[in-house]
Structure formats: C-alpha cells, structure tokens
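A quick write-up on the structure given underneath.
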Amino acid sequence: MALTESFPARDLSAFVISRGDAEEGVDLLVKGARCAACLRKIETGIGELPGITQARLNLTSGRLAVRWRPGRVTPDQVIQRLDHLGYAAAPFDPAEAKSASDREGRRLAIALGVAGFGVGNVMMFSIPAWAGLWGQEMGVGGRTLMYWMSAAVAAPCALYAGAPFFQSAWASLKRGKANMDVPISIGVLLTLAISFSETLRRGPHAYFDAAVSLLFLLLIGRYLDHQLRSRARAAAGDLLALQAPVALRLDVQGAEHGVPLREITVGDLVVVKPGDRTPIDGVVVGGSSELDLALVTGETAPERTAVGARVPAGALNLDGRLVLRAEATAEDSTLAEIARLMEAGAQSKSGYVRLADRAASIYVPVVHTLAAGAFIGWMIAGLDLRTALLRAVAVLIITCPCALGLAVPAVQITASGRLFRRGVLVKSGAALERLAEVDVVIFDKTGVLTEGRPKLVEADPAAVALAAPLARASRHVLSRALAAAAGPGPAASDTRETAGEGIEGLIDGVPARLGRASFVGAPSANARETELWLRIDGDEPVRFRFADELRPDAAETVRALEARGLEVRILSGDTPAAVGLVADALGVAIWRGGLLPADKSRLIDAIAATGRKALMVGDGLNDAAALAKAHASMAPGSAADASQNAADLVFMGERLDVVVAALDVARAARRRALENFAFSALYNLVAAPAAVFGLVTPFIAALAMSGSSLAVTLNALRLWRVGGKA
Amino acid sequence: MNIVVFLAPFSLLLALIGLAAFLWTFKSGQYDDPAGDSARVLFDHLDDEPPRPPA
C-alpha cells in the first residue's frame with residue numbers, strides 16, 4: 001500500500017483536467033472507501049492540502065473529484081496523501097471519465113418515470129369505466145368521457161415511454177430482422193389506434209391502460225437489465241483506469257517524463273520503478289531487480305534480472321529501479337498479443353444466443369400467427385371488421401411478453417445481486433446463463449488454487465524470531481512473508497538493502513545479513529526453491545524456505561464441484577513438477593503444466609470441440625486468452641487487469657468456494673427462468689384462446705397482465721435464498 | 001357528476017407536479033451517489049459549504 005511514498009513524484013500531468021487559468025483537477029478511482037468515516041477522512045484529508053478548492057468523493061462509484069488552483073498541487077501529491085490516509089488510488093483518463101456518463105440509463109429511467117405516472121393515473125379513469133361495464137349508473141356518455149380522459153393521459157405517456165422500443169424495433173427492421181421490440185411496438189401502437197377508434201364510436205372497450213401498463217412492466221425489465229450491464233461496464237472502466245497507460249520515458253538529459261504508452265517507440269528508454277509493471281517488452285540497460293512474473297507466465301518464484309536480460313510487458317518490478325530499452329511498441333508487445341487472442345475469444349463467445357432471445361424466436365411467430373389467424377378466422381366466420389380486429393388486438397395485448405421482458409432480467413438481477421453480496425461481480429446476464437451450462441471446470445494454479453504469493457513453510461519459530469527484525473525493515477516479498485509469520489515487533493537499525501541481494505543491519509548491535517545464499521556466504525542447496533538465508537555475525541547461516549500455499553478451501557472446492565457432476569482439470573504455465581504436486585494434493589487427475597498462453601486457449605478449443613462446455617478460472621495474463629475463449633470464465637480480484645476484463649465473473653476475497661456458490665446461483669437462475677417460461681406458456685395457453693373468442697375485456701386484460709408479471713417476478717425473487725449465507 | 005370535471009384535471013395536475021419533481025430530482029443528480037448521500041447526512045458541516053479560504 002505505502003508504495004508511492006518512498007519514491008520521487010511521478011509525472012501524471014497527462015491526467016490533469018484543466019479549465020483555463022481558473023482551476024485544475026484530477027478524477028481518481030479510490031479503492032477501499034466504503035463507509036461514512038472513509039468519506040469524511042478522505043474529503044477532509046485532501047481538503048487540507050494547500051490550494052484545494054474541491055474534494056468530493058462519490059461513495060457509490062468510488063470516484064473522487066479533486067479541483068485546485070493551478071500550480072498549487074500535483075496529482076501525485078493527492079495520490080500520496082490518499083496513500084497516507086490508507087487508500088490506494090489511480091487517476092482516470094479524462095476522456096474515459098466523460099464517456100462513463102450513462103445516457104442510455106437516464107433515458108430509460110425517465111421513460112420508466114413517465115410510464116409509471118401514466119399507469120397510476122390512467123387507472124383513475126379506467127376503474128370508473130370498468131365499474132360502468134356491469135350496468136351501474138354510468139351511461140355510455142360517462143364511459144366515453146372516462147375513455148377520452150384515459151386517452152389524454154395514456155396516449156402521450158405511451159408514445160414517450162415507448163420510444164426506446166419503437167426506435168430499437170425500427171433499427172432492427174431496417175436491418176431486415178425482427179427483434180422482441182417489433183411485436184411490442186406493433187402491439188402498443190395497434191392497441192392505441194383501436195382504442196381511439198372504439199372511443200370515437202362510443203364502444204364499450206378501450207385498452208388505453210393496457211398499452212401504458214405493458215410498457216411500464218417491460219421498462220422495469222429493461223431498466224434492470226441495463227443496470228446489470230452498466231455496473232459491469234463501470235467495473236471494466238475502473239480496470240482500464242487502473243491500467244493507467246503511462247510510461248516513464250528517459251530523455252537524453254536523464255529526466256523522466258510520463259508519456260502515454262502509445263507514444264513509446266522502439267529504442268526509447270523507459271524507467272520502471274519498484275511496484276510498477278513493465279509497460280512494454282524490452283531489454284534491461286540499467287539497474288537490477290527481481291521481477292514477479294506470476295501474472296505473465298504463472299511462475300511463482302521471483303526472477304532476478306540484470307543488464308542484458310529480456311523482460312516481457314506486464315511483469316511486476318519488485319525491488320530495484322530498472323531502465324529498459326523498448327524492443328517493441330505497445331501494440332507489438334506480449335500484452336497486445338494476449339489482447340488479440342482475447343479479442344478472438346470474445347468473438348467466438350458472441351455467437352451465444354441468450355435464453356430470452358431463444359424463447360422470443362418461438363414466441364413472436366406463434367403469437368403473431370395466432371392474432372392474424374383470429375382476425376382472418378373471424379372475418380370468414382362472418383363477424384364485422386371492427387369486432388374481428390378488436391379480438392386480434394386482444395390476443396396481442398393479453399399474450400404480453402412480460403415473462404420474457406421482465407422475468408428474465410428480474411431473475412438475473414436477483415442472482416447477480418445475490419452473488420454481489422458474496423463478493424462476485426457478474427458482468428452480464430448472458431454470463432450467468434453460460435455459467436449454468438458448464439460441465440468442465442478448469443483451474444489455473446498460481447493465484448487461483450494457490451494464494452499466489454510465497455509463504456514461509458516448515459520454519460523453526462526461534463529462527464523466525466531471530467530474523468524478524470531485519471525482515472521488518474525490508475519491503476521485499478519474501479521478507480514481508482517472513483515478517484508476517486513473525487508478527488509485530490522491533491525492526492533492525494542501520495539497515496542497508498541491496499536490490500536483488502538482501503538486507504544487512506544491526507540486530508541489538510550485532511551485525512546481521514538476510515538475503516540470497518551468496519549474499520550471506522552460504523552454499524545454495526537448491527536454486528529452484530524460493531529461499532532466504534540469515535546469518536548473524538559469524539554464526540552458521542539459517543535457511544528459510546518459502547512456498548506458494550494452496551488456498552485453505554481449495555480441496556473442499558474441488559470436491560464440491562465433483563459432487564455436482566463437474567470434471568475438474570488444472571492447466572498451468574508453471575513447471576509440471578510444481579503443478580503435479582498441487583494436483584496430487586487436491587486429487588485432480590487431469591492436469592497439464594508448462595503451458596504457453598496459446599496452448600491454454602487451444603486446449604479450451606479442444607474441449608469445446610468434444611461438445612463440452614468449460615468454465616475457466618484463472619488470474620494471469622497467460623490465462624486471459626483462455627478466459628475469453630472458455631464458455632464461461634471467472635477471475636479473482638487479484639488477477640491481472642486484462643484477465644479481469646476477459647472474465648465473465650470476478651470474485652473478491654481469499655475463498656475459492658465462491659466458484660461453487662456462483663455455479664449454484666447460476667444454475668438456480670436458469671431453473672427459475674425456465675420455470676417462468678413454463679408458467680407464461682401455461683398462462684398464454686389459457687389467455688390466448690380466451691382472447692380469440694372475445695372473452696377478454698380491458699378489465700380482464702389488466703388483471704391478467706399484472707397478475708402474470710407479479711407471479712414471474714416473485715418467482716425470480718426466490719433466488720435470494722440460494723447459494724449459502726451472504 | 002359536474003364535480004368530476006373539476007376534480008379529474010386537478011388530480012392530474014397534482015400527479016404532473018409529482019412527475020415534474022421526479023424529473024427534477026433525476027436531472028439534478030440526486031441519484032448519482034445514494035451511498036454517499038446517506039453518509040453525508042451524518043456530518044456536522046454543511047454539504048454545500050463555501051470552499052475554505054486558501055491556506
């Protein structure tokens with residue numbers, strides 16, 4: 001967390017929003033701010049910086065807008081201040097932030113508000129008119145007056161609230177296709193037209209209320225669906241912001257400039273500071289350090305690099321400042337290669353047809369044939385044009401596609417809300433549907449089955465206590481793991497750290513060294529193992545061994561998945577020996593190690609070719625292509641940004657059993673959706689013939705429509721109990 | 001029955017005021033940060049206080 005404070009200021013001027021001479025500012029994404037106290041702490045803390053004119057945190061989206069008088073503050077000072085307060089922050093690209101404003105959502109919400117107004121108020125006139133239908137005191141004149149008033153309320157509301165449907169229907173017709181919005185639009189417009197003509201003729205039945213309440217119910221569904229997608233889009237935008245495509249370029253005078261990544265060309269010198277990721281593929285020309293390649297290759301042990309070594313993009317620099325000479329531009333780097341594989345995967349996935357669309361492709365022709373059949377049939381049977389048309393319209397109204405338009409979004413928003421409480425972000429409703437269909441689960445090893453960071457193993461507590469003071473003084477991953485094992489206590493004095501070698505200092509006045517074998521002068525027994533050596537003064541060196549431990553519930557999760565009839569496999573980029581150990585410990589029979597990113601995505605293809613559907617759970621950049629390609633995919637919140645973007649679901653926290661919970665919820669959601677389809681099929685089986693035979697009055701239509709919508713929504717809400725405690 | 005001619009438009013007018021109020025709350029960004037707004041009510045200082053003088 002406190003990475004930024006110990007290093008010189010970064011140049012983040014690319015992110016500054018400037019409004020002339022009056023004001024400058026930056027938009028930041030703040031991680032971990034969740035409560036009123038955080039809000040207060042952040043806003044007051046930032047407000048105390050000199051020259052700040054505004055600091056406002058949006059607690060819902062986690063975005064902090066800071067404005068200041070030009071020249072008084074730099075974005076980096078703000079970020080450092082936040083870091084001191086205990087919050088990690090990353091700047092937003094101003095262009096990115098602007099595009100995040102959600103125009104579609106606003107339009108739907110306003111349409112929903114208008115439709116809600118229409119539904120509520122048209123009833124004021126519909127109910128007296130219906131009351132008059134049973135021969136009470138209201139005469140034809142009174143009823144017609146009521147219908148005119150309903151028309152005055154409902155028609156403008158229906159036309160306004162229906163606009164999103166009409167536009168989408170028109171756009172789809174122009175492309176020569178018919179989506180769900182076509183029958184909805186035809187139904188609404190035809191209903192309005194026939195109701196006007198009935199009212200003009202002073203007839204007994206007008207359906208103004210049906211037109212607007214149909215739109216109201218459908219808009220609820222559409223709004224829910226939109227909320228689900230925009231939440232995922234916002235999360236994706238946050239990820240993009242965190243990638244902060246800025247590289248530090250070194251000019252001939254030796255000064256560092258933050259420049260957009262795309263401006264880096266081959267031969268440029270790029271500085272990579274500790275804690276940063278390498279932005280491009282390059283060769284080290286200055287400095288030495290240890291690199292964490294876990295997200296690039298899946299290898300757990302940090303790799304030592306020095307001048308002359310080749311470094312791929314996406315590696316995390318652990319301890320020393322590195323200068324790289326760019327060997328490829330950002331577009332040609334390893335990262336971009338992976339991005340291309342991901343794109344190909346996403347395309348293959350877009351062929352998936354959502355459940356509701358599949359149902360609609362059956363529903364639409366059936367209903368339209370029925371309505372047209374009723375019209376033609378009654379004409380032949382000798383009814384007049386007006387009655388025949390009225391009965392055809394009644395068919396369109398009563399077979400309201402609410403089960404498709406409302407029930408499925410209601411199921412999916414309930415399911416994703418359920419999972420959100422368990423720390424799982426669902427990116428789309430389609431993702432949930434695909435997740436419910438999988439029969440093979442593929443895990444990556446590093447960072448998914450294991451915790452992805454080294455932990456001290458088989459250590460003598462006395463030795464740990466001896467080494468702890470030195471370990472506490474160092475920021476190196478292994479030292480931190482050692483310090484974590486020892487718990488809180490004093491730190492060594494007069495420490496000096498050599499990047500990639502170790503740390504030396506005084507423990508109670510006695511000189512001591514902690515680091516690699518060569519640093520303390522010990523024989524290196526096994527170079528492949530992750531180890532740290534301690535030597536106090538002239539004593540015998542002590543060895544500490546580190547290993548990437550399995551997540552505590554990994555074995556339990558594998559068993560739970562197998563109990564649900566799923567096959568579990570492991571595909572990893574780590575060495576076969578390391579993967580084999582994990583597979584044995586978990587009892588997984590099918591595993592492969594030493595895989596390249598392209599190998600993983602090929603193996604996913606091979607599974608798909610046998611007709612099976614795979615869920616990929618992975619975190620590394622090397623998994624990104626496989627994540628994009630798999631039928632469904634999940635990534636932990638600690639995963640590489642690209643992988644989180646590629647995955648359908650992202651889960652937070654240390655526990656792996658959320659994979660099981662997500663599967664359970666997805667399967668339950670699918671069951672609920674199918675139940676709702678079955679219910680609405682049954683409902684239509686009764687309602688449609690009734691409409692054909694002219695038994696559906698506006699009153700019955702209103703009851704049936706809201707009743708069936710209520711039933712499917714309540715059924716969707718039953719999902720709230722699935723998948724264990726929140 | 002005559003009273004309907006007065007009451008019906010009047011009730012519609014009331015409802016329209018409600019709709020206009022909804023649109024106003026929406027356009028003035030009152031749904032942008034529900035979590036933050038519910039937290040801000042707990043603070044002593046005014047939410048729209050003028051900015052503090054430059055230090």
Within the stretch A:401-442, track down each residue that is within 16 Å of A:A716 (Cβ to Cβ) and touching a Phe, Trp or Tyr at 6+ places or on another chain (Cβ under 7 Å). A:P401, A:A403, A:L404, A:T414, A:R418
Across the stretch A:61-94, the tally of residues that are buried (at least 22 other Cβ atoms within 10 Å of the Cβ) and without any contact (Cβ under 8 Å) to a residue 24 or more places away in the chain stands at 0
Cβ pairs under 6 Å, 6+ apart or interchain, first in the stretch A:584-611 and assigned to a helix (DSSP H, G or I), second modelled with pLDDT under 90 and polar (S, T, N, Q), ordered by first then second residue, are A:P597/A:N622
For A:E437, work out the one condition from (1) within 29 Å of A:D292 (Cβ to Cβ); (2) in contact with a Lys or Arg (Cβ under 6 Å, 6 or more places away or on another chain) it doesn't fulfil. (1)
Filter the stretch A:27-60 down to residues that are in contact with a Ser or Thr (Cβ under 9 Å, 6 or more places away or on another chain) and buried (at least 18 other Cβ atoms within 10 Å of the Cβ) and give me whichever is nearest to the other protein chains (Cβ to nearest Cβ). A:L59
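Look through A:P689, A:P636, A:P698 and report the one residue that is at pLDDT 85 or above and over 25 Å from A:V448 (Cα atoms). Steps first, answer last, please.
On the way: A:P636 fails: over 25 Å from A:V448 (Cα atoms); A:P698 fails: at pLDDT 85 or above.
None of the other options fit; the residue is A:P689.
Looking at the stretch A:31-68, which of its residues are on the phi < 0 side of the Ramachandran plot, small (G, A, S) and assigned to a loop (DSSP other than H, G, I, E, B)?
First, the residues of the stretch A:31-68 that are on the phi < 0 side of the Ramachandran plot: A:31, A:33-50, A:52-61, A:63-68.
Within this subset, residues satisfying the condition of being small (G, A, S) are A:33, A:36-37, A:45, A:47, A:55, A:61, A:65.
Result: A:A33, A:S61.
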Output the residues belonging to the stretch A:68-108 that are modelled with pLDDT of 80 or more and closer than 30 Å to A:Y160 by Cβ. A:G105, A:R106, A:R107, A:L108
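A quick yes/no check of all residues on (1) touching a strand residue (DSSP E or B) at 6+ places or on another chain (Cβ under 7 Å); (2) at pLDDT below 85:
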residue	(1), (2)
A:S428	no, yes
A:V440	yes, no
A:G452	yes, yes
A:A459	yes, yes
A:A486	no, yes
What's the number of the only condition in (1) buried (at least 24 other Cβ atoms within 10 Å of the Cβ); (2) modelled with pLDDT under 85; (3) over 30 Å from A:V367 (Cα atoms) that A:N645 fails to meet? (1)
Tell me yes or no: at least one residue of the stretch A:502-521 is within 27 Å of A:R321 (Cβ to Cβ), modelled with pLDDT of 80 or more, β-branched (V, I, T) and within 42 Å of the chain's Cα centre (by Cα). yes
Filter the stretch A:376-394 down to residues that are farther than 24 Å from A:L215 by Cα and crowded, with 16+ Cβ neighbours inside 10 Å and give me whichever is nearest to the chain's Cα centre (by Cα). A:A388
Can you name the residue in the stretch B:1-36 that is within 11 Å of A:G113 (Cβ to Cβ), at the interface with chain A (Cβ under 7 Å from one of its Cβ atoms) and aliphatic (A, V, I, L, M) and, of all such residues, is surrounded by the fewest Cβ atoms within 10 Å (Cβ to Cβ)? B:L23
I need the helices (runs of 4 or more DSSP H) fully contained in the stretch A:620-726, keeping only those with at least 3 residues that are closer than 19 Å to A:R421 by Cβ. A:658-692
Taking the stretch A:562-574, which residues are farther than 11 Å from A:V441 by Cβ and without any contact (Cβ under 8 Å) to a residue 24 or more places away in the chain? A:A563
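Need a quick list: helices (runs of 4 or more DSSP H) entirely within the stretch A:125-233 having at least 2 residues that are in contact with a helix residue (DSSP H, G or I) (Cβ under 9 Å, 6 or more places away or on another chain) and farther than 26 Å from B:L16 by Cβ. Walk me through it before giving the result.
Values: elements: A:140-161, A:163-174, A:181-200.
Ranges flagged: A:163-174, A:181-200.
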Output the qualifying pairs, or none if there are none: Cβ atoms under 6 angstrom, residues six or more apart or on different chains, first residue in the stretch A:395-424 and within 25 Å of A:V212 (Cα to Cα), second residue among the charged types (D, E, K, R). A:P409/A:D225; A:V411/A:R672
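Out of A:V26, A:V66, report the one residue that is out of contact with any Phe, Trp or Tyr (no Cβ under 8 Å at 6 or more places or on another chain) and β-branched (V, I, T). Give the derivation first.
Values: A:V26 fails: out of contact with any Phe, Trp or Tyr (no Cβ under 8 Å at 6 or more places or on another chain).
Step by step, each of A:V26, A:V66 is checked, and only A:V66 is out of contact with any Phe, Trp or Tyr (no Cβ under 8 Å at 6 or more places or on another chain) and β-branched (V, I, T).
The values are calculated or read from the model by the stated rules, or taken from the named source; none is laboratory data. No experiment lies behind these values; they were computed from the predicted model shown. No Cβ is skipped: glycine too gets one built from the backbone with ideal geometry, and neighbour counts run over all protein chains shown.
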